[in-house]
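All remarks here apply to the structure that follows.
Values in this text are rule-based calculations from the coordinates and carry no lab data. Note that the coordinates shown come from a computational prediction; the quantities given were computed from them, not determined experimentally. FYI the Cβ positions are ideal-geometry reconstructions off the backbone, even for glycines, and counts take in every protein chain you see.
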């Protein structure tokens, strides 16, 4: 999949965000299963591994002290603190993947995407919208695991998040999974075709 | 092919440029044969129709006076004067097509693209590069219809044009026709996914 100008073809980083219930996880898995040169970004966490979770596959597991040191050194692109544990995106594995020409998709919260925009401006940001707010509500209720108060809280948060869509470069309505995957892959391919990502390519052509 | 948010889905205008011999015509025909909601922009000319040429298909044929009046009124997006005749891109048919949700590809010279960028800033510009300059030379010589002086002139012009690639938003190396078509269609799809082209879409989602 690497172009004949492979030295110029660095991987891309794409932040995929959207409200809870929009189907981010399903969409990202479907993209990864369609394209081999795309990887999922792996987060760091300070919580303990659960049964079956593997280091470097599910998460990178680190101590709180290690995480805080990385944070202080700018080695974490964005992070969150939740139920007494840190969760964050480490910069180094991402840099390694993109330098190997691998595109990296990040399943990330809306505020997480905003932070990545600041800390890694080459990142592409894409927001997944539900076909309608009532459809999102239906999807959230279908889970059936949460009480009404929790559902109402999630809906309120989803409303606020959807109102952040204009901060993202691309917006895709997740109505039909395959069409959503096609569109995300089109965005990745098109971003590779931007001149700014191939700067100097004309000199290579002229010299050959 | 129109999205469920069709009122928002206007067509796009894409200028496709590149040096003589790069295969613009072949690429554009291949794109049109793959996708029905894409049209070719039709130029206006003041020269007489040749046998078989049809009004509104090959060209719009107009008198010099009519052309100059359109030019004065800003109804021509870009134009050229060649062998005592005008050739230009009329604004009106383009506006009509994009308002119907049809994407319009323009087979256009490098300076023509630069003028469109000024007169129609929403246009996307894409530059086709040959795999190498020596391959371009081979393609130009293969035509075999031109004397050495003409070939040298065309090569000199191609060199200058390739050095203008950095003015274009997208650059695609035309090595394998089908890959080039895939990339152009990816650019079209991705541009439709940009938030700026769907501004306000989140309000529609929230209201449904």
Gyration tensor (Cα) of the range A:164-204, equivalent ellipsoid semi-axes in angstrom: 28, 14, 4
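With an 8 Å Cα cut-off and a minimum separation of 6 or more residues, compute the relative contact order for chain B in percent.
Details: 285 pairs, mean separation 63.8, N = 208.
Relative contact order, chain B: 31 percent.
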When all alpha-carbon pairs of the range B:72-130 are counted, what percent fall beyond 16 Å? 48
From fewest to most C-beta neighbours within 10 Å, the residues A:139, A:183 line up as A:139, A:183
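For the range B:99-208, report the translational diffusion coefficient in µm²/s to the nearest whole number, using Stokes-Einstein at 25 °C, 0.890 mPa s, and a Kirkwood Rh over Cα pairs. It would help to have the intermediate numbers written out before the result.
Details: Rh = 16.7 Å.
Once the numbers are plugged in, D ends up at 147 µm²/s.
For a footprinting-style exposure proxy, rank B:53, B:148 by other Cβ within 10 Å, fewest first.
B:148, B:53
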Could you work out which residue, out of A:111, A:130, A:49, moves most in a Gaussian network model of chain A, that is, has the largest mean-square fluctuation with Cα springs under 10 Å? A:49
Would you mind pulling out the separation of the Cα centroids of the range A:192-208 and the range A:103-133, in Å? 27
Which whole number of Å³ per residue matches the convex hull of the alpha-carbon atoms in the protein assembly as shown? 163
Quick check on chain B: what does the Kirkwood estimate of hydrodynamic radius come out to from the alpha carbon pairs, in Å? 18.6
Burial ordering of B:48, A:20, A:203, fewest other beta-carbon atoms within 10 Å first: B:48, A:203, A:20
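I need the semi-axes of the equivalent ellipsoid of the range A:56-98: take the C-alpha gyration tensor, multiply each eigenvalue by 5, square-root it, list largest first in whole angstrom. Don't skip to the answer; put the middle values down first.
On the way: eigenvalues 60, 31, 17 Å².
The answer is 17, 12, 9 Å, longest axis first.
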With everything on Cα atoms, drop me the angle between helix B:133-142 and the longest principal axis of chain B, reported from 0 to 90° to the nearest 10. 70
Helix axis angle, B:177-193 relative to chain B longest principal axis, alpha carbon, degrees: 40
Of the beta bridges DSSP finds with both residues in the range B:35-103, what % are antiparallel, to the nearest 5? 65
The helix B:110-119 Cα axis meets the longest alpha-carbon principal axis of chain B at an angle in degrees, between 0 and 90 and rounded to 10, of 30
Rounded to the nearest 5, what % of the DSSP beta bridges within the protein assembly as shown are antiparallel ones? 35
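Of the DSSP beta bridges with both residues in chain B, give the percent that are antiparallel, rounding to the nearest 5. Could you put the intermediate results ahead of the total?
On the way: 8 of 26 bridges.
That works out to approximately 30 percent antiparallel.
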Quick check: convex hull over the Cα atoms of the range B:1-82, volume per residue in Å³, rounded to an integer? 152
In whole µm²/s, the translational diffusion coefficient that Stokes-Einstein assigns to the range A:20-139, given a Kirkwood hydrodynamic radius over C-alpha pairs, 20 °C and 1.002 mPa s, equals 137
